[in-house]
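Scroll down for the structure; my scribbles are underneath it.
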Amino acid sequence: MNFGVIGAGQMGGGIAQVAAQSGFTVVVHDQKQEFLDRGRAVIEKSLGKLHEKGKLSDTPETVLGRITFTTDLADFAACDLVVEAIVENEGIKAELFRRLGETVKPEGILASNTSSIPITALATASGRPERFIGMHFMNPVPLMALVEVIRGYRTSDETARFITETAEKMGKTPLACNDFPGFVSNRILMPMLNEAIQCVMEGVAEPEAIDGIMKLGMNHPMGPLTLADFIGLDTCLAIMEVLHQGLGDDKYRPSPLLRKMVQAGRLGRKSGQGFYTY
Ligand code: CAA
Ligand code: NAD
């Protein structure tokens, strides 16, 4: 299969890596060569780790050899599937899908890895709503089992079947849900992270104590503030905005501290500083 990925950030890089591990021929796009180089370095490091642990069936070089990196969207014309993993912004994603709808061969399927943005709106922008779907991987992609499969209003049964089978070929467990703000995963996860941030703002406890309480008390693998830093505070804020606007209830209002940290450029792990320093 010719597998395309748009965005070489933490999610796009992980999706490209796992697709290549599954034997697919992969092309990855980002806006600048330096972003592609950074994405490639992260993939190399992850493949090295998996190889050391005997978790790769091919050598890292073979897997990496299946991936090409490009700044030119025209290189996606022959893709059977393109998964988008760019910034969590509806306008920017819609414009990209408009261009992909014109570029990718008509029978190609387009998918978004969006955390929360309506699949149906992006499907309309692509001009091929029957062959459009949400394919939501979890972070870190090489280690997490789930793919949340989100059907838009006009997604065909054939597209849903193809994505389910592709996720399985990638060693993931696909689980289906419908197109509502935040789907299932982030409708439930994100209010918890937002509440933890609100606890910091109100001085309920220090970040280390909040994370420790949730890790030791609830057996979560990461505390909520560590996880928010890991996801990216910009992405967390964007998801909370979609939940708040889409569901209306004030319980989804983003914490003012989350908004302020994003305004200050403290985006978590990816910017070197969030609730913790990296
Ligand atoms: N590739 C390869 N190896 C990786 C890796 C990657 N991308 N990321 C981490 N590892 C390695 C680590 O280097 C470490 O290796 P060593 O044992 O050699 O040191 C190993 O995996 C295990 O890491 P940890 O020691 O940190 O152990 P862990 O048991 O905590 O596992 C984890 C790490 C799986 C990330 C775990 O902490 C976890 O499950 N965290 C929660 C993740 C989560 O909730 N993800 C969902 C986020 S929400 C989302 O994705 C949706 C959205 O739209 C926002
Ligand atoms: P990121 O900031 O790590 O990477 C985004 C990449 O997209 C960057 O390399 C950026 O240069 C590139 N990009 C931005 N606009 C672009 C455009 N118009 N064309 C091409 N490339 C462009 O972000 P991320 O964490 O990888 O998130 C990407 C998507 O995946 C978002 O929609 C996010 O909501 C979703 N997601 C994130 C997580 C997470 O935990 N971070 C989990 C699941 C889904």
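Positive end of the dipole of the stretch 1-144, charges at C-beta (+1 Lys, Arg; -1 Asp, Glu), about the Cα centre: which of Pro142, Val28, Val5 has its Cα farthest in that direction? Checked the options; the winner is Pro142. Put the Cα centre of the stretch 159-213 next to the Cα centre of the stretch 3-55 and the gap is 22 Å.
Extension gain, Lys215-Lys32: 0.36 nm per intervening residue step, less the Cα-Cα distance, totals 62.1 nm. If you take the square roots of the eigenvalues of the alpha-carbon gyration tensor of the stretch 186-269 and sort them as a ≥ b ≥ c, do you get rounded (a/c under 1.5), prolate (a/b over b/c) or oblate? Cα axes put the stretch 186-269 in the prolate bin. Contact order, relative form, for the chain: 14 percent (alpha carbon pairs under 8 Å, 6 or more residues apart, mean separation divided by residue count). Using only Cα atoms, find the angle between the long axis of helix 10-21 and the longest principal axis of the chain, and express it within 0 to 90 degrees, rounded to the nearest 10. In the chain, helix 10-21 runs at an angle near 40 degrees to the longest axis. The overall shape of the stretch 17-83 is oblate: from the C-alpha gyration tensor, with semi-axes ordered a ≥ b ≥ c, the ratio a/c is 1.5 or greater and a/b is no larger than b/c.
So if we plug the beta-carbon distance of Met192 and Ala145 into 1/(1 + (r/R0)^6) with R0 = 22 Å, what FRET efficiency do we get, rounded to 0.05? Approximately 0.65, to the nearest 0.05. Pairwise inverse Cα distances across the stretch 73-216, averaged and inverted, put the Kirkwood hydrodynamic radius at 16.4 Å.
Straight-line reach from Lys55: taking Cα to Cα under 22 Å and skipping same-chain neighbours fewer than 8 places apart, the lysines in range are Lys45, Lys169, Lys172. Between the residues Ser112, Phe230, Met192, the greatest Cα displacement towards the positive end of the dipole of the chain, with unit charges on the Cβ of Lys, Arg, Asp and Glu, is found for Phe230. Relative to the longest principal axis of the chain, what angle (0 to 90°, nearest 10) does the C-alpha long axis of helix 90-103 take? Computed tilt is about 10 degrees. Shape analysis of the stretch 2-178 yields a ratio of the Cα radius of gyration to the Kirkwood radius, Rg/Rh, of 0.94. Estimated from the Cβ-Cβ distance and a Förster radius of 22 angstrom, the FRET efficiency linking Arg259 and Leu175 is about 0.10. Scalar couplings 3J(HN,Hα) for the stretch 33-47, obtained by applying the Karplus form with A = 6.51, B = -1.76, C = 1.60 to θ = phi - 60°, are 4, 5, 6, 5, 4, 5, x, 4, 5, 5, 4, 4, 5, 5, 4 Hz; x denotes Gly and Pro.
Taken about its Cα centre, the chain carries a charge dipole of roughly 160 debye when the Cβ of each Lys and Arg holds +1 and the Cβ of each Asp and Glu holds -1.
Contact order for the stretch 186-269, expressed relative to its length and based on alpha carbon pairs under 8 Å spaced 6+ residues apart, stands at 34 percent. Modelled label positions at Val42 and Thr71, each set 7 Å beyond Cα in the direction of Cβ, lie 1.9 nm from each other. Helix 207-218: angle to the longest alpha-carbon principal axis of the chain, degrees 0 to 90, nearest 10? Here the helix axis deviates by roughly 70 degrees.
Values in this text are rule-based calculations from the coordinates and carry no lab data. Computed from a predicted model, the values in this text were never measured in an experiment. Note: ideal-geometry Cβ built from the backbone for every residue, glycine included; neighbour counts use all protein chains shown.
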